[in-house]
Amino acid sequence: MNKKIIIITGATSGIGKALVAHFADENIVYAGYRNPDYERDLKKISNNVRPFFIDMEKDFIIDGAAVFIKREVEKIDLLINVAGCVAAGAMENMSTDKLRKQFDVNTFSHLRFTQKLLDKLVGGRVINISSMSSFGIFPFVAPYCASKRALDILFNSLEIETNHKIKVISVKPGVIATPLWEKSIEANQDSINGDTAYNKEMLYMVKNAKSNGINGLPVEKVVSLISKAAFCSNPKSSYTVGWDAKFAEIISKLPQDLINWLIDLGLKRKGLR
Ligand SMILES: NC(=O)c1ccc[n+]([C@@H]2O[C@H](COP(=O)([O-])OP(=O)(O)OC[C@H]3O[C@@H](n4cnc5c(N)ncnc54)[C@H](OP(=O)(O)O)[C@@H]3O)[C@@H](O)[C@H]2O)c1
């Protein structure tokens with residue numbers, strides 16, 4: 001049987017790294033890294049892993065990565081857009097630079113990379129690691145929620161506009177235990193230390209992130225769902241992973257005023273109002 005060609009960004013940690021290990025057993029996996037220290041680790045996973053450099057904040061590097069891959073392969077069976085980061089903080093003080101970076105990494109980079117690979121993807125699938133945050137009900141991480149919602153909207157449109165030449169699948173995990181949570185504390189020190197009016201809220205966010213990084217679902221839950229959605233005959237356009245993501249989906253269908261009332265209630269219960 002011919003090995004399938006799979007491209008995965010954000011392959012050096014958490015969900016992406018677990019996906020590389022899973023798919024490299026039987027397929028050729030092009031695995032994207034931004035930190036060259038991880039290149040050797042990726043190669044060690046299997047002879048089927050072909051690491052490539054990609055920095056989701058730099059258009060010319062994204063373009064270069066796409067050129068490299070297109071030179072190597074005839075056709076791409078599956079592109080999994082995984083790379084991501086979290087911008088958190090209160091909207092009152094949120095800098096537009098920080099917002100822009102969030103959208104660059106979580107949204108625009110994936111669209112650009114996919115656009116550049118599109119001709120090789122015809123007949124194949126794109127799986128985006130979105131988030132339950134795409135349902136858009138989490139205060140103090142609004143940039144992250146908006147970037148994931150935008151990702152889903154832009155790619156859904158891409159599939160329809162191209163007359164379904166590619167199948168786009170959005171995977172929306174709830175809380176998964178990965179290094180993302182610790183990294184989010186590091187990356188948001190400006191808000192944690194600078195948003196003095198929201199000190200209590202920021203401390204709560206840090207506590208929550210620490211707990212999520214330990215108590216979240218294991219990455220295997222996401223890998224197991226993606227391994228089914230990747231090559232099944234009739235995949236859905238959207239999947240949730242975990243009860244929290246399912247719950248967020250249900251809540252998102254309520255009228256906005258009711259959603260806001262529930263969020264206020266949640267904040268009160270946590271002593272944040
Ligand atoms: N963990 C969760 O609870 C959760 C829930 C829902 C959705 N997600 C989404 O799942 C995806 C994977 O996250 P994870 O939890 O596995 O986090 P992770 O362990 O931090 O992995 C994120 C990956 O993205 C890479 N990355 C980040 N910024 C990048 C950039 N500018 N250029 C290139 N690569 C970059 C990271 O590279 P480095 O190794 O160099 O940092 C890493 O390989 C993300 O899109 C995240 O939003 C996560």
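Most mobile of 76, 192, 263 per a Gaussian network model of the chain (Cα springs, under 10 Å)?
In this elastic network of the chain, the residue with the biggest mean-square fluctuation among 76, 192, 263 is 263.
Work out which GluC sites (Glu not before Pro) in the chain are exposed loop sites (DSSP not H, G, I, E or B, at most 16 other Cβ within 10 Å) and give the longest gap free of them.
In the chain, the maximal stretch lacking such sites is 75-273.
Mind pulling the angle between the C-alpha long axis of helix 256-269 and the longest principal axis of the chain? Nearest 10 degrees, somewhere in 0 to 90.
For 256-269 against the chain, the angle is about 70 degrees.
Could you look at the chain and say what percent of its accessible area is carbon and sulfur, using a 1.4 Å probe and all protein chains?
Accessible surface attributable to carbon and sulfur in the chain totals 53 percent.
Pulled fully out, how much extra length does the chain show between residue 122 and residue 47, if you take 0.36 nm times their separation in residues and subtract their Cα-Cα distance?
Residue separation times 0.36 nm, minus the Cα-Cα distance, leaves 24.4 nm.
Run the numbers for residue 189 and residue 208: contour at 0.36 nm per residue of separation, minus the present Cα-Cα distance, in nm.
Going from the current span to full extension adds 5.3 nm.
Once the dipole of the chain is set up with Lys and Arg at +1 and Asp and Glu at -1 on Cβ about the Cα centre, which of 129, 187, 242 lies farthest towards its positive end?
The listed residue farthest towards the positive side: 242.
Would you mind computing, in nm to one decimal, how far apart the modelled labels at residue 39 and residue 25 are, each placed 7 Å from Cα along Cα→Cβ?
Distance between label points: 2.9 nm.
Please find, in a Gaussian network model of the chain (springs between Cα atoms separated by less than 10 Å), the residue of 127, 259, 62 whose mean-square fluctuation is greatest.
Its mean-square fluctuation being the largest, the pick is 259.
Which aspartates and glutamates does residue 236 reach when only Cα atoms under 14 Å apart count, and residues fewer than 8 places away in its own chain are ignored?
Hits, sequence-local ones excluded: 152, 159.
Given R₀ = 41 Å, what would the calculated FRET efficiency be for residue 267 paired with residue 115, taking r from the Cβ atoms and rounding to 0.05?
That pair, residue 267 with residue 115, gives E of 0.55.
Could you state the principal axis extents of the C-alpha atoms in the range 114-273, from the largest down, to the nearest angstrom?
Dimensions of the range 114-273 along the principal axes of its Cα atoms: 50, 34, 28 Å.
With runs of 4+ DSSP H residues as the only contributors, calculate the mean residue ellipticity of the chain at 222 nm using -39,500 (n - 2.57) per run, divided by the residue total and rounded to the nearest 500.
Using -39500 (n - 2.57) per qualifying helix, the result is -16000 deg cm²/dmol.
Within the range 30-44, name every residue whose backbone N is under 16 Å away from a label modeled 7 Å from Cα of residue 58 along the Cβ vector.
32-39
Nearest 10 degrees is fine. How inclined is helix 142-161 to the longest principal axis of the chain, computing both from alpha carbons?
It is inclined by approximately 40 degrees.
Would you mind counting up the charge near residue 73? Only other residues with Cβ under 10 Å from its Cβ, with Lys and Arg at +1 and Asp and Glu at -1.
So the surrounding residues net to +2.
Evaluate the range 229-273: find the radius of gyration of its Cα atoms, find its Kirkwood radius, and give the ratio Rg to Rh.
Answer for the range 229-273: 1.20.
Can you sort 196, 107 by solvent-accessible area, 1.4 Å probe, largest first? Mind showing how you got there, number by number?
Numbers: 196 105, 107 0 Å².
Greatest to least solvent exposure: 196, 107.
With every protein chain left in place, what is the accessible area per residue of the range 5-269 in square angstrom, probe 1.4 Å?
49 Å²
Give me the one-decimal Kirkwood hydrodynamic radius in Å for the range 5-269, with the sum taken over alpha-carbon pairs.
19.0 Å
The values are calculated or read from the model by the stated rules, or taken from the named source; none is laboratory data. Just so we're clear, the structure is a prediction, and the values are computed from it rather than from any experiment. Neighbour counts are summed over all protein chains in view; Cβ atoms, including those assigned to glycine, are modelled from backbone coordinates with ideal geometry. We work out accessible area using only protein heavy atoms, side chains counted, and drop any ligands, DNA or RNA first. Shrake-Rupley method; radii C 1.70, N 1.55, O 1.52, S 1.80 Å.
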